[in-house]
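Following: one structure in structure tokens, then a few remarks.
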Amino acid sequence: MTRREAREQAFCLVFEQAVGGEAIQDILHDAAEARDFVPNSYAEAAAFGVEEHREEIDQVIQGNIRGWSFSRLSKVTLALLRLAVYEMLFDESIPASVSINEAVELAKTYGGKDDAPYINGVLASVAKAHCPNEPGHE
């Protein structure tokens, strides 16, 4: 499984949590029983990471959305932002530019027509504020 496919699995888990409010562990258990779902180790770790750091991640998102309220974000947009911000803040092995690009690509597949540029703008703002050592974000 490619990292992109694993990230898509992680997005699906984070999205399901955003919709239903269940714990990731319960989502994984139910998915394994219902559809023989076996997550990639990265997908599982990322989903648990988003869950563990959700309060901090949501604060970062709230601080970087402009002209939009947090409660009005679609569940797709929220899940993509949470996953990307988690990677940017807590996974040093992934450059912020990769997290941004992958979130934008997933938004093109799962989101509405305006989601990809919106997500790109929010994540660029996050990168500028939180990833100053990354090339292009000094």
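Structure data summary
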{"item": "Residue-averaged [θ]222 nm for the chain, counting only DSSP H segments that reach four residues, each worth -39500 (n - 2.57)", "result": "-23500 deg cm²/dmol"}
{"item": "Eligible lysines near K75 by straight Cα distance, threshold 21 Å, same-chain separation 8 or greater", "result": "K108, K113"}
{"item": "The chain - convex hull of alpha carbons, volume per residue in Å³", "result": "105"}
{"item": "Solvent accessible area, Å² - D114, 1.4 Å probe, full protein context", "result": "100"}
{"item": "Inter-label distance for E22 and R3, nm, one decimal - labels placed 7 Å from Cα along Cα-to-Cβ", "result": "3.0"}
{"item": "More than 18 angstrom apart: percent of Cα pairs within segment 45-103", "result": "28"}
{"item": "20 Å reach of a label modelled at D114, 7 Å along Cα-to-Cβ, counting backbone N of segment 63-88", "result": "63-82"}
{"item": "Choice from A46, A103, A34 showing the highest fluctuation, given a GNM over the chain with Cα pairs closer than 10 Å", "result": "A34"}
{"item": "Inter-label distance for S41 and K128, nm, one decimal - labels placed 7 Å from Cα along Cα-to-Cβ", "result": "3.8"}
{"item": "Whole-percent carbon and sulfur share, accessible surface of the chain, 1.4 Å", "result": "49"}
{"item": "Among R35, R66, R54, residue whose mean-square fluctuation peaks in a GNM of the chain (springs only between Cα atoms under 10 Å)", "result": "R35"}
{"item": "Check: segment 16-131 dipole with +1 on Lys, Arg Cβ and -1 on Asp, Glu Cβ, in debye", "result": "720"}
{"item": "Of G112, G67, G21, the one that fluctuates the most in a GNM where the chain has Cα springs shorter than 10 Å", "result": "G67"}
{"item": "The chain: DSSP helices with Cα axial extent of at least 18 Å and average Kyte-Doolittle hydropathy no lower than 0.0", "result": "75-90, 96-110, 115-130"}
{"item": "Separation in nanometres of the label points that stand 7 Å from Cα toward Cβ, at D30 and E52", "result": "2.3"}
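The values are calculated or read from the model by the stated rules, or taken from the named source; none is laboratory data. These numbers come from a predicted model, not from an experiment. Backbone-built Cβ (ideal geometry, glycine too); neighbour counts: all protein chains shown. Heads up: the accessible areas ignore ligands, DNA and RNA and are worked out on the full protein's heavy atoms, side chains in. Shrake-Rupley method; radii C 1.70, N 1.55, O 1.52, S 1.80 Å.
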